[in-house]
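Heads up: the structure comes next, in structure tokens.
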There are 2 protein chains.
Amino acid sequence: MPGRTSALNDNINVMVMLPLNNTYLFSYPRVSPAIEYARKTLERAELFAGLKFSVHYENSACGVDALYALVDTPGDERPNLVLGPVCEYAAAQVTRVASHWNIPVISAGALATGFRLKISETSEYSHLTRIAPTYLKMAETFQAIFEHFAWRTAYLIYDDDKDERNCYFTMEGVYMVLSDYHIVTDFAVLNSQEERVDADGIITSVYGSEVVIMCARADTVRDLMLASHRRKLTSDSHIFFNIELFNSSSYGDGSWRRGDKYDNEAKAAYSFLNTVTLLRSTKPEFEDFSMEMKKSLQQSGIPVCEDCSAVNMFMEGFHDALLLYAIALREVMSNGLTKKDGLEITHSMWNRTFEGIAGQVSLDASGDRNGDFSVIRMTDPEAGTHETIMNYFGTNGTFVTMPGFKREWFSLRSAPEPPPPKHIEPSC
Amino acid sequence: MPGRTSALNDNINVMVMLPLNNTYLFSYPRVSPAIEYARKTLERAELFAGLKFSVHYENSACGVDALYALVDTPGDERPNLVLGPVCEYAAAQVTRVASHWNIPVISAGALATGFRLKISETSEYSHLTRIAPTYLKMAETFQAIFEHFAWRTAYLIYDDDKDERNCYFTMEGVYMVLSDYHIVTDFAVLNSQEERVDADGIITSVYGSEVVIMCARADTVRDLMLASHRRKLTSDSHIFFNIELFNSSSYGDGSWRRGDKYDNEAKAAYSFLNTVTLLRSTKPEFEDFSMEMKKSLQQSGIPVCEDCSAVNMFMEGFHDALLLYAIALREVMSNGLTKKDGLEITHSMWNRTFEGIAGQVSLDASGDRNGDFSVIRMTDPEAGTHETIMNYFGTNGTFVTMPGFKREWFSLRSAPEPPPPKHIEPSC
């Protein structure tokens, strides 16, 4: 087109692989409004004039269906870009084939540590970019905290559902980072879907560890905190952390409340609980996006909470994924390449910082997003209200305490006892 | 063809997926003579007149290349039958896609427990037939032995190379079977490729267990037996087993010998070692096959031992795989179906007993071969010669002792001590 040398004039075939089922926070009915929002933004932008996106959705069912959808696509109809899958096993299968076919994959999932070796020659995941902070990045937060307070021992408690295995993969990241940092770790695994959780039994094992880190369902965390509080472990000899993975608002104010007779006790126990979660963003553009998402979800009949953000990490991530892809595509096209040059587009996305919908997004040299995390805690035990007390910024590894922070919350007043003997099954 | 209504008159496109590298016992240079032998047998047989096989080989490299070879095959050129892969991860990836495309897969590998749920509606491995006894079938041998001698506790020691992971998957099978049978198990994992094996350190952990079961390289087993013998654990308080997986003749007469100063001590230690391995066959047709294989391997420049069988489990298995496929294909074609009816062919292979090259081959109702296993032991500690002392027949679950067997070898004369406290890392 004369006089418009910068026009991209191309149509990008995008295959989104996410589950249809809304029990997943990253179901495509939930995430599609965010992708659509990004598509409209891009198609309006002068910088990307001429660029069109044909987006179609495949139900990954958090399983092997995603792989089937990809391998059943005839050679001349293969997508230029895959968004998703989120579930680790589905993502591994799809990314392997997509990488082999030179197709970039961007996911707000695939957070497990097993994907991290992407840059070796023989990597099966060479074309994977992770737009949400991985479990390993989250674990760096713990390393920074352990370093800051000079703690040496940790006890990890996690719920392994043997299905999605989010907490399993989360603790794998924590374990790897803390081990590298020579923290002594022990652990207990439970499966709340298959068996009654013996909270008190588990808590008997934490005596020897300074820090207890939990990843489990909200009800299980409550049981564990109640058991710890009854055994008087909360106040002086142990520090308790809970990992809240996906900004899904099942933590913070009122999270102890169930309307049962243990509410008061639980509230008291929760005044000793620290929750590690994604740093929440507040920039004005994000509020617009958030309002829009709430409206779209409500129109689809998906329930949204009234006084909290309707946007979770996955919606934000897949929105930003399309932005990032467009920026990278524009760059490689300016170098004379095309949308078919999947590896070059992928590498152009890596080691890059750009403005996402909620704030700056920074990808490291291996295409994994650097994460910013917060520690929140009940700062008013009477009112039961929570505040952010510490923030960790992954891009530069800095760790800052906030005004509500109190040093005494993180001081151990008595040494932990030695741990009792313990046996673990091998096929974990 | 008039008067030859039984002629099959079809050409079967067979894709063999095995590694090229001869360091694998199941490399395709090793296995191809066996497949060729079966092909010739079938093409000569009146029963299969008209049936031709086009066999081509893909280098699976024991990895993701097998998947790539399959997904890169255009729709109209897809194979009618896949033989292999053997390596668990490669087999999982290929079987998933082949099952989705209705292509039967027969492997003499894919022995891990994870493949066992093949008959559910949603199984990813619906088209997989396993022609060699799986790890779970091998583990049944231990159950039979434990039941026979009324042992209650086991200590599992295995070498996990984090690559092929044969011993890991083997012990997973043993652990699952023994746990179902309420045997108390504990374990130690080592990685001889990455670290020096502290044999004595490992042996300090076995005190509390009646039975020690090892799966490791020959040198590691020797170190462990030496350490046990020096601690006087061999003679009265513990029973030692070694699992020799693939009939690869690194056990039996002279297996303790290294030409170092520990040979005599090792020989004495090995007089307490029991080795569980595949039952060896002796029928005359097998000797012809064996001679033929030896010749073919020598022609390819692959070294074969002089006084032992050149045939391993994989060669035998893939030979029988082609036979089994032909029998099943013939049956479904007699019912008016074709080579395209992959699921029907697969199910026709299951729950079937036929005459393989080394003896009867019996597939269970899930398409897994029933296994026959032997326990061999040094029966003359002076000469150091070994004999089979027990056999286990998987098809009917019977367990028989042989003439060389002595009851005293399996009698515990003192109770094991309680095990010392122990901690295990979570991300195993």
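Derivation of every value follows stated rules applied to the coordinates shown; laboratory data play no part. Keep in mind it's a predicted model, so treat the numbers as computed, not measured. All Cβ positions, glycine included, derive from the backbone under ideal geometry; neighbour counts span all protein chains shown.
Take the alpha carbon atoms of the stretch A:23-49, find their center, do the same for the stretch A:76-125, and report the distance between the two centers in whole angstrom. Cα centroid of the stretch A:23-49 versus Cα centroid of the stretch A:76-125: 20 Å apart.
Would you work out the Kirkwood radius for the stretch B:20-78? I mean one over the mean of 1/r across all pairs of different Cα atoms, in Å.
On the way: mean 1/r = 0.0744 Å⁻¹.
Every distinct Cα pair counted, the radius reaches 13.4 Å.
So, how do all the Cα-to-Cα distances of the stretch B:93-207 break down into 5 Å bins, in percent, from 0 on up? Final binned percentages: 2, 11, 17, 17, 17, 15, 10, 6, 4, 1, 0. Across chain B, Cα pairs under 8 Å and at least six residues apart give a relative contact order of 17 percent.
Evaluating 6.51 cos²θ - 1.76 cosθ + 1.60 at θ = phi - 60° for every residue in the stretch B:98-111, the Karplus couplings come out as 4, 4, 4, 8, 6, 10, x, 10, 10, 10, 8, x, 6, 8 Hz, glycine and proline recorded as x. Using Cβ point charges alone (K and R +1, D and E -1), the dipole size of the protein assembly as shown about the Cα centre works out to roughly 220 debye.
Taking 37 °C and 0.692 mPa s as conditions, the protein assembly as shown diffuses translationally at an estimated 109 µm²/s according to Stokes-Einstein applied to its Kirkwood radius (Cα pairs). Taking the helices alone, chain B has a mean residue ellipticity at 222 nm of -10000 deg cm²/dmol, built from -39,500 (n - 2.57) per DSSP H run of at least 4 residues and averaged over all its residues.
Inter-copy label distances at residue B:21, shortest first and taken from points set 7 Å along Cα to Cβ: 3.9 nm. Remark: C-alpha extents of the stretch B:281-366 on the principal axes read 48, 24, 20 Å, sorted largest to smallest. Size of chain B from its Cα atoms: along the principal axes, largest to smallest, the extents are 75, 45, 38 Å.
With a cut-off of at most 15 other beta carbons within 10 Å, and DSSP calling the residue loop, which chymotrypsin sites (Phe, Trp or Tyr not before Pro) in the stretch B:173-207 qualify? Please list them. Write down the numbers at each step before the final one.
Values: sites: B:175, B:181, B:187, B:207; in loops: B:181, B:207.
When the chymotrypsin sites (Phe, Trp or Tyr not before Pro) of the stretch B:173-207 are filtered for loop state and at most 15 Cβ neighbours within 10 Å, B:181 remain.
With the simple spin-label model, which puts each label point 7 Å out from Cα in the Cβ direction, the residue A:387 to residue A:117 separation comes to 4.6 nm.
How much FRET efficiency would the formula 1/(1 + (r/R0)^6) give for residue B:334 and residue B:195, where r is the Cβ-Cβ distance and R0 is 51 Å, rounded to 0.05? Don't skip to the end; give the middle numbers.
Values: r = 57 Å, r/R0 = 1.12.
E between residue B:334 and residue B:195, to the nearest 0.05, is 0.35.
In a fully extended conformation the segment linking residue A:7 and residue A:260 would gain 84.9 nm over its present Cα-Cα distance, using 0.36 nm per residue.
Under the simplified labelling scheme, the residue B:230-residue A:343 pair shows an inter-label distance of 5.1 nm, with each label point 7 Å from Cα along Cα→Cβ. Estimated from the Cβ-Cβ distance and a Förster radius of 60 angstrom, the FRET efficiency linking residue B:46 and residue B:414 is about 0.40. Give the shape of the stretch A:74-141 as rounded, prolate or oblate, defined through the alpha-carbon gyration tensor: a ≥ b ≥ c are the square roots of its eigenvalues, a/c under 1.5 means rounded, and otherwise the shape is prolate if a/b is larger than b/c and oblate if not. Taking the square roots of the gyration eigenvalues as a ≥ b ≥ c, the stretch A:74-141 is prolate.
Take B:87, B:305, B:167 and order them by how many other Cβ atoms sit within 10 Å, fewest up front. Present the calculation step by step, with values, prior to reporting the outcome.
Values: B:87 28, B:305 10, B:167 25.
In increasing order of surrounding Cβ atoms, one gets B:305, B:167, B:87.
Across all directions, the average projected area of the convex hull around the alpha carbons of the stretch B:166-325 is 12.4 nm². Restricting the stretch B:155-236 to trypsin sites (Lys or Arg not before Pro) that sit in a DSSP loop and have at most 12 other Cβ atoms within 10 Å of their own Cβ leaves B:162, B:196, B:232.
Against the empirical 2.2 N^0.38 Å (N residues), the stretch B:28-171 has a Cα radius of gyration ratio of 1.23. The Rg/Rh ratio of the stretch A:311-359, with Rg taken over Cα atoms and Rh as the Kirkwood radius over Cα pairs, comes to 1.03. Under 5 Å from the amide H of residue B:239 lie the amide H atoms of B:211, B:212, each residue being 5 or more positions distant or on a separate chain, with H modelled from the backbone and absent for Pro and chain starts. For the stretch A:323-413, applying the loop criterion from DSSP together with a ceiling of 14 other beta carbons within 10 Å to the trypsin sites (Lys or Arg not before Pro) yields A:340, A:406, A:413. Within chain A, what's the longest stretch lacking GluC sites (Glu not before Pro) that sit in DSSP loops with no more than 14 other Cβ atoms inside 10 Å? By the stated rule (loop sites, at most 14 other Cβ atoms within 10 Å), A:1-120. Taking Cα atoms only, the orientation of helix A:28-44 departs from the longest principal axis of chain A by about 50 degrees.
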